[in-house]
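Peer 1: Structure provided below as structure tokens; questions to follow.
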Amino acid sequence: MRTDRPSSHTFDGTERGELVNTALSIAEDTEATTTLPARAPTTVADHSRTGDLDNVIEIHGLPEPPGQSGVGVVAPFDFALDRELWRWAPDDVSLHLTRLPFVPVPVTVDMASSLSNGENVRRATRDLLAPEPLAVGYACASGSFVDGIDGERRLHNSILEAGAPAAVTTSGAMVQALEALHARRIAVVTPYVDSVTDRLLGYLGEHGVETVSSVGLGLLNHIWKVTYSEVVQAVREVDHPEAEAVYISCTNVLTYDIIAPLERMLGKPVLAANQVTMWGALRAIGRDPVAHGQWLVEATGRTAA
């Protein structure tokens with residue numbers, strides 16, 4: 001059953017009021033801090049003998065910075081959420097990002113198709129190879145599902161052909177995440193117009209994943225401005241008893257802080273485009289994402305029981 005909201009739908013005051021009262025406990029970020037060792041005492045020369053002031057400051061025991069592993073990220077030209085990707089990255093993993101060429105069209109099937117251009121993806125991948133990333137991820141949901149399974153495979157191969165040691169795409173990682181969680185019937189939230197959402201549902205169907213309900217926000221631009229409240233409302237609207245998981249599409253949709261609270265509210269996994277992209281890329285280099293309480297991360301972590 002599809003429950004797509006018409007593209008003209010907007011949240012009214014009542015809906016927004018409901019969101020304020022939603023019993024979600026958004027976990028506060030815990031920022032890792034590094035404490036420098038105490039400063040060594042200052043040694044001052046004997047003025048009676050030298051007449052000169054000679055301040056010597058010695059710093060002992062500074063920790064060596066952690067070694068860095070690199071992950072390359074090929075993002076759409078309008079990607080605005082670099083900081084969100086970093087939140088899943090361990091301290092010793094650096095992200096090297098580059099953008100695909102600008103295309104002056106709204107967020108439609110045409111834009112998604114242009115973002116999946118194999119030659120552009122190969123060129124972007126080659127641009128990332130100088131710092132020697134261990135894997136390269138294509139961080140665009142629509143560009144990796146717009147042409148179905150075959151299109152996603154072509155993108156994956158384009159990254160490898162350009163010289164990347166390992167390749168990940170958002171939509172490929174999403175399917176792998178669903179398989180890892182044994183979820184075959186899902187609800188879907190997208191920011192897209194219906195024509196783009198339909199391509200996602202078709203891609204899922206090719207993988208044997210049934211969409212029991214879906215909703216699209218009908219946006220043609222500025223997707224990165226979608227608020228947490230709007231995403232929460234859409235997830236509440238789309239959730240269905242038969243859905244084994246919920247997927248929030250588009251790497252330009254903020255989700256990091258609301259994934260775990262939504263999962264507690266629904267009692268089922270909630271996956272998001274940026275989350276699965278980073279999960280897939282980090283697993284490709286033998287690492288786990290950094291996240292507390294997110295179902296996918298904790299269920300598939302190497303330290304999970």
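Peer 1: On the basis of being modelled with pLDDT under 95 and out of contact with any strand residue (DSSP E or B) (no Cβ under 6 Å at 6 or more places or on another chain), does A291 make the cut? Show your work before the answer.
Peer 2: Working: modelled with pLDDT under 95: no; out of contact with any strand residue (DSSP E or B) (no Cβ under 6 Å at 6 or more places or on another chain): yes.
In short, no.
Peer 1: Sticking with this one: Of all residues in the stretch 101-110, count the ones that are surrounded by 14 or more Cβ atoms within 10 Å (Cβ to Cβ) and either in contact with a Cys (Cβ under 8 Å, 6 or more places away or on another chain) or not aliphatic (A, V, I, L, M) (or both).
Peer 2: Counting residues in the stretch 101-110 that are surrounded by 14 or more Cβ atoms within 10 Å (Cβ to Cβ) and either in contact with a Cys (Cβ under 8 Å, 6 or more places away or on another chain) or not aliphatic (A, V, I, L, M) (or both) gives 2.
Peer 1: A further question on this structure: Taking into account only those residues within the stretch 129-184 that are in a helix (DSSP H, G or I) and among the β-branched types (V, I, T), which is nearest to L81 (Cα to Cα)?
Peer 2: Per the criteria, the residue is T170.
Peer 1: What tally of residues in the stretch 158-187 results from selecting those that are under 24 Å from V121 (Cβ atoms), touching a residue at least 12 places away in the same chain (Cβ under 8 Å) and in contact with a strand residue (DSSP E or B) (Cβ under 7 Å, 6 or more places away or on another chain)?
Peer 2: Looking only at that region, the number is 11.
Peer 1: For residues in the stretch 230-261 being of a type in the set (D, E, K, R) and either out of contact with any Ser or Thr (no Cβ under 8 Å at 6 or more places or on another chain) or not in a loop (DSSP other than H, G, I, E, B) (or both), which is surrounded by the most Cβ atoms within 10 Å (Cβ to Cβ)? Break it down stepwise before answering.
Peer 2: So in the stretch 230-261, the residues of a type in the set (D, E, K, R) come out as 230, 236-237, 239, 242, 244, 257.
Within this subset, residues satisfying the condition of being either out of contact with any Ser or Thr (no Cβ under 8 Å at 6 or more places or on another chain) or not in a loop (DSSP other than H, G, I, E, B) (or both) are 230, 236-237, 242, 244, 257.
Numbers: E230: 20, R236: 17, E237: 15, E242: 11, E244: 18, D257: 16.
Among them, the one singled out is E230.
Peer 1: Which number in (1) assigned to a helix (DSSP H, G or I); (2) of a type in the set (A, V, I, L, M, F, W, C); (3) closer than 20 Å to K268 by Cβ marks the one condition that V212 misses?
Peer 2: So the condition that V212 fails would be (1).
Peer 1: How about the stretch 275-298: which of its residues are aliphatic (A, V, I, L, M) and in a helix (DSSP H, G or I)?
Peer 2: Listed by number, the residues that qualify are V276, M278, A281, L282, A284, L296, V297.
Peer 1: Scan the stretch 213-226 and report the pairs whose first residue is closer than 10 Å to V107 by Cα and at pLDDT 95 or above and whose second residue is buried (at least 16 other Cβ atoms within 10 Å of the Cβ) and among the hydrophobic types (A, V, I, L, M, F, W, C), with Cβ atoms within less than 7 Å and a gap of 6+ or a chain change.
Peer 2: Correct list of pairs: G218/V193; L219/V107; L220/V107; L220/V193; N221/V107; I223/V107; I223/C250; I223/V253.
Peer 1: Only one of (1) part of a loop (DSSP other than H, G, I, E, B); (2) touching a Phe, Trp or Tyr at 6+ places or on another chain (Cβ under 8 Å); (3) over 16 Å from Q176 (Cβ atoms); (4) not hydroxyl-bearing (S, T, Y) is not met by N221, so which one is it?
Peer 2: (2)
Peer 1: With the requirement that a residue be closer than 17 Å to Y138 by Cβ and touching an Asp or Glu at 6+ places or on another chain (Cβ under 7 Å), what does the stretch 167-212 give you?
Peer 2: Scanning the stretch 167-212 gives T169, S171, G172.
Peer 1: Still on this model: Please enumerate the residues belonging to the stretch 185-209 that are hydrophobic (A, V, I, L, M, F, W, C) and part of a loop (DSSP other than H, G, I, E, B).
Peer 2: Passing the criteria: V193, V209.
Peer 1: Restricted to the stretch 262-305, and to residues that are polar (S, T, N, Q) and in contact with a Pro (Cβ under 9 Å, 6 or more places away or on another chain), which residue is surrounded by the most Cβ atoms within 10 Å (Cβ to Cβ)? Reasoning before the result, please.
Peer 2: Looking only at the stretch 262-305, we keep the residues that are polar (S, T, N, Q), and these are 274-275, 277, 294, 300, 303.
From the residues that got through so far, the ones that are in contact with a Pro (Cβ under 9 Å, 6 or more places away or on another chain) too are 275, 294.
Working: Q275: 30, Q294: 24.
Residue satisfying both the conditions and the ranking: Q275.
Peer 1: Output the residues belonging to the stretch 262-274 that are in a helix (DSSP H, G or I), farther than 22 Å from S144 by Cα and either in contact with an Asp or Glu (Cβ under 8 Å, 6 or more places away or on another chain) or not acidic (D, E) (or both).
Peer 2: Correct list: L262, R264, M265, L266.
Peer 1: Name the one entry in R283, R287 that is more than 12 Å from the chain's Cα centre (by Cα) and more than 20 Å from A183 (Cα to Cα).
Peer 2: On the way: R283 fails: more than 20 Å from A183 (Cα to Cα).
Step by step, each of R283, R287 is checked, and only R287 is more than 12 Å from the chain's Cα centre (by Cα) and more than 20 Å from A183 (Cα to Cα).
Peer 1: Continuing with this model, one more query. Picking from E206, E161, E179, which residue would you name as being more than 21 Å from the chain's Cα centre (by Cα), surrounded by fewer than 19 Cβ atoms within 10 Å (Cβ to Cβ) and within 20 Å of E244 (Cβ to Cβ)?
Peer 2: Values: E161 fails: within 20 Å of E244 (Cβ to Cβ); E179 fails: more than 21 Å from the chain's Cα centre (by Cα).
The unique qualifying residue is E206.
Peer 1: Go through (1) within 24 Å of E152 (Cα to Cα); (2) out of contact with any strand residue (DSSP E or B) (no Cβ under 9 Å at 6 or more places or on another chain) and name the single condition E230 misses.
Peer 2: Just one mismatch for E230, condition (1).
The values are calculated or read from the model by the stated rules, or taken from the named source; none is laboratory data. Keep in mind that what you see is a predicted model, and the values were worked out from it rather than measured. With ideal geometry, Cβ positions are generated from the backbone for all residues, glycine too; neighbour counts draw on all protein chains shown.
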